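These notes are about the structure you will find just below.
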Amino acid sequence: MTSAADGSGVRGVLLRDAELDGRTRVDVRVHDGLVTEIGSGLTRRPGEVEHDCRGGALLPGLCDHHLHLNALAALDRSVRCGPPEVTDRDGLAAALTAARPDGNGWIRGVGYVETVAGDLDAAALDHLHPHRPVRIQHRSGALWMLNTAALAAAGIGPGDRPGIERDHDGAATGRLWRADDWLRERLPPAGPPDLASVGAALTRLGITAVTDATPDLDADAVAAITAAMRGGALPQRVHLLGAPLAPPSSGPAPDDGEGRLPTAGPHKIVIADSGLPSLDDLTERIRAAHAAGRAIAAHCVTREALVILLAALGEAGVRPGDRVEHAALVPPELVPELARRGLRVVTQPGFLAHRGDDYLRDLPAYDHVDLYRCASLVRAGVPLALSSDAPYGPLDPWTVIGAAVRRRTPAGRVAGPAERLTPARALDAYLAPPDDPGGPARRVRPGLPADLVLLRVPLAAALNELASGLVRSVLIDGRFAVR
């Protein structure tokens, strides 16, 4: 499978012998970025590119409803600090020693987990690599760990900034919780990340729309994403949870003559595990978002975070489109509450396929059935969307869909068998549009925007296999992006 420039300037495509809805094999005509005709034996028009689908399933482009574009782009300039590449202290020291620093002399690590070398702070990192500024991100994305050289270079000294862990003498330990924006302001300027490799990777996987879940994006970050979309580096439609709090632009991304623009989604609110907000503060943040015409997207990983969110929504009220991100632990008694309030859930069962054994080892047994619920939410009438949370979870949608169906850990244990989805339902959770996660799955019909994915095999075989490499061709705006 390769990227294809041929046909990029042609306004029409005729897809021959495509399987639709797992039942019929038909021809599909695409013109001016839309599906315009479906039928048998359609006549090729002058100038149309003809493509033999060989009976492969033709789907609407997949939507990843929760990921982090800039963090994905930063992977290319980061050293892996956790499994499977690094599994112990010696391996971590070797990885940091071999890492190439950036142009400002910093080393950036990602994916750390405590099973490698315990809880890292500045003193522990100094033993591993004291010579250059080092910052390592925990695999959860919630914590940065800095060595002494990095603390000094970033100017992190005395102060009361929330999120900076301090010892009993008030000195910074090197552990920074939920302080990404604050830390970024103290790092040497690096410019906006190049999103071309991210756009290409998403396209190869059949993802033609994404929701970026990074909170509190500033104008420069939105401008960089916009430029990447307009320039073609990021061909996907992009929905932003972290767009500045203002009246939203909803629905399909507009075109002002210079290319697609991102749209503003619900307003991201992080209910941090490291420090829960007060009920009054959370209620006021929800009210402010609703008053600005935005629903909310609340980061909730723990049971406690979900409880305080529901209490705050009880005070502030619910706006259509309000959603819960992650919902990693949902006790059974709160499932009906989610449904009663009309909340959507955007969850990531792919974590079970990558970290499930850690969860089953580290969490109390009574929590195991509450992990990344899927089927019980659907049965209760809660709109459910699947997503990757990449780079913190696996980006490949077929891995995430397979995890929702099988719920197997790396060691082969099953985490919450009653929460399994059927393969068709799991796929549908990637087929709702960005502005309606958990809503009705899109189908290939006349009038659909021609962001399309052609699989190598019929739908039944794909749903049985649920493996990487299923995507054969991808069209975006009716033009071949992968052929």
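The values are calculated or read from the model by the stated rules, or taken from the named source; none is laboratory data. Note that the coordinates shown come from a computational prediction; the quantities given were computed from them, not determined experimentally. Note that each Cβ is placed from the backbone with ideal geometry, even for glycine, and that neighbours are counted across all protein chains shown. When the accessible area is computed, the model is the full protein with side chains, heavy atoms only, and any ligands, DNA or RNA have been set aside. Shrake-Rupley method; radii C 1.70, N 1.55, O 1.52, S 1.80 Å.
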### GluC sites (Glu not before Pro) within segment 99-189, DSSP loop, no more than 12 other Cβ atoms inside 10 Å
E185
### Task
Could you tally the net charge around D216, taking each other residue with its Cβ under 10 Å from the Cβ of D216, Lys/Arg +1 and Asp/Glu -1?
-2
### Task
Would you calculate the volume per residue, in Å³, of the smallest convex hull containing every Cα atom of segment 120-167?
80
### Query
Any idea of the accessible area per residue across segment 1-137, 1.4 Å probe, to the nearest Å²?
46
### Query
Going by a ≥ b ≥ c, the root eigenvalues of the Cα gyration tensor, does segment 1-135 fall in the rounded group (a/c under 1.5), the prolate group (a/b larger than b/c) or the oblate group?
prolate
### Message
Counting only protein heavy atoms and a 1.4 Å probe, tell me what percentage of the chain's accessible area is made up of carbon and sulfur.
### Response
53
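Please give the length that would be gained between R89 and A424 if that part of the chain were fully extended, namely 0.36 nm times their separation in residues minus their C-alpha to C-alpha distance (nm, one decimal).
That pair, R89 and A424, stretches by 116.3 nm at full extension.
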### Query
Quick one: accessible area per residue over segment 355-478, 1.4 Å probe, rounded to a whole number of Å²?
36
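Arrange the peptides 45-51, 385-391 so that the one whose residues have, on average, the most other Cβ atoms within 10 Å appears first.
Packing order, densest peptide first, comes out as 385-391, 45-51.
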### Task
Rounded to whole Hz and in sequence order, give me ³J(HN,Hα) for segment 130-135 from the Karplus expression 6.51 cos²θ - 1.76 cosθ + 1.60, θ = phi - 60°, writing x for Gly and Pro.
x, 7, 10, x, 10, 10
### Query
How far apart, in nm, are two points set 7 Å out from the Cα along the Cα-to-Cβ line at A152 and at V414?
5.6
### Query
For segment 331-456, rounded, prolate or oblate, judged on the Cα gyration tensor with a ≥ b ≥ c (square roots of eigenvalues), a/c < 1.5 rounded, else prolate if a/b > b/c?
oblate
### Task
Report the net charge of residues surrounding H267, where surrounding means a beta-carbon distance below 9 angstrom and charges are Lys +1, Arg +1, Asp -1, Glu -1.
+3
### Message
Could you tell me the relative contact order of the chain? Use alpha-carbon pairs under 8 Å, at least six residues apart, and round to a whole percent.
### Response
19
### Task
Excluding D181 itself, calculate the net charge of residues whose Cβ lies under 14 Å from the Cβ of D181, where each Lys or Arg counts +1 and each Asp or Glu counts -1.
0
